[in-house]
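The values are calculated or read from the model by the stated rules, or taken from the named source; none is laboratory data. Predicted, not measured: the structure shown is a model, and the values here were computed from it. Quick reminder, even Gly has a Cβ in these numbers, built from the backbone with ideal geometry, and neighbours come from all protein chains shown.
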Amino acid sequence: MTRVNQHLKDRHKGKWDRFSVYLTTDDEHIRPLEALLLRVVNLEGNKVKGRLRGAQDLVRPLKKKMDESQRDETATLLGGRFVTHRRRTKTRATAGTLVLAGLFERPVRLVATWKGNEYKASLRRDGHISYKGKLYDSPTSVGRVILGRAVNGRQFWRYRNSRGEWVKLAELKR
């Protein structure tokens, strides 16, 4: 009631003839609910816009994701060298784990040969590499498990390119 009395005397005086009451079981919900309501209903004369604690402006990241998606789709539609160029551009731009995420439309078979032994794995669309029922974040981590020592995963693993040739994963970067 204190809030209603305040608004009967301040700049909102005479601008409204009814109000709504929302009851909550816990005080911690009052501010977020009010902020959300102020964002949804743009009231005339209200200077305060609702602010949600911890909220971030996601316009830039969303725009970046949409641009990336559009570039991927354009390359796929044009095919051939455009797809290859797009893969290389994406690989160059990424760093850290899951650098191969989104480079292929479907799972890709990987093969590695070491001291006469052949090892097979699968590169998934999400960038994980599946080897013997376990998932790994990078080709290097799988190679390390197989060899028991440090290895350059991009040199170790090969995949079949669009021409049907087995090439090193390092070729994606060029």
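Among the conditions (1) closer than 21 Å to residue 170 by Cα; (2) at pLDDT below 80; (3) out of contact with any Leu (no Cβ under 9 Å at 6 or more places or on another chain); (4) not assigned by TED's automatic domain parsing to the domain that holds residue 128, the only one that residue 88 does not satisfy is (3). Only residues that are in a loop (DSSP other than H, G, I, E, B) and exposed (fewer than 10 other Cβ atoms within 10 Å of the Cβ) were counted across segment 25-44, and they come to 5.
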